[in-house]
1. Report Rg(Cα)/(2.2 N^0.38 Å) for segment 5-89, keeping two decimals.
2. When the chain is fully extended, how far beyond the present Cα-Cα distance does Arg166 get from Arg83, taking 0.36 nm per residue of separation?
3. If you consider only alpha-carbon coordinates, what radius of gyration and Dmax does the chain have, in Å?
4. I'd like to verify something in the chain: which complete DSSP H helices, judged by Cα projection on the helix axis, reach 30 Å or more and average at least 0.0 on the Kyte-Doolittle scale?
5. Which three semi-axes in whole Å describe the equivalent ellipsoid of segment 173-247, each the square root of 5 times a Cα gyration tensor eigenvalue, listed largest first?
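Derivation of every value follows stated rules applied to the coordinates shown; laboratory data play no part. Predicted, not measured: the structure shown is a model, and the values here were computed from it.
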Amino acid sequence: MILVVHIGASRMKWGLHGARGWLAQGVTPNAEIGTLALREWQNVPRPRRAVGVNAAGEATRVRTEAQLARWRVPMEWIVPAPRAGGVVNGYTEPSTLSPVRWASLIAARRRALASELFPPPCVVVNAGTIISVDALDADGVFRGGLVLPGLHAMLRSLADASPSWRMSIGHWRDFPSSNSDAAATGVLAAAAGAIEQVRERLRRDESAVRCYVSGGAAHDLEPHLAPPVEVVDNLVLEGALALAEAA
């Protein structure tokens, strides 16, 4: 069995994978990682290996590793490579790519290959505290990507810019007629527009560019994206598992 963890800016997702698929999964706030061994992991069977993706810094990494001590299993942290899992890393310095983005690209490529004989290019979106939009061509080459503030961060920037934009949460409207709806619609339009621009750059002919979306804001973005779109809740876990199984 393999324990897979993805530590984001505010919470950890984890899963235990065995011969029959995912045996257990959970989500834990980062502030509570230090008690995992006493709570969620208390009755989890000892894994053979543990692999992780960390986007929360050194202190969180250390706390996570401490929770594995009772199993005497070292954590294998994912580090982006020039090539792995059917993906060629096109970053100028491959190791500087976020491991979250790298694992997501690996998972997206595996899904594309499993669904079609000739997989189309795809855009891989992680929509959380920040939003990353990555371009993966039909040959499995990561062409590059862009990063922008997450939806909540964009709303906070409006509130910081002027007291008049400190308001209740609004909703998407085709033609917003209040400040709260104007803000909510604007940030969704900004994120969706960035995603669609990357899709258009990848498009070679009339075939559609698939979009995989993960992260806390995935379901908010999905209705505003052109098909085909697939929301995958645990894309990072899937990618980390694929890398572990290939090692």
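1. Compactness ratio reported: 1.12.
2. Answer, rounded to one decimal: 25.3 nm.
3. So, for the chain, Rg and Dmax equal 19.0, 59 Å respectively.
4. Helices meeting the span and hydropathy rule in the chain are 179-202.
5. Largest first, segment 173-247 gives 29, 18, 9 Å.
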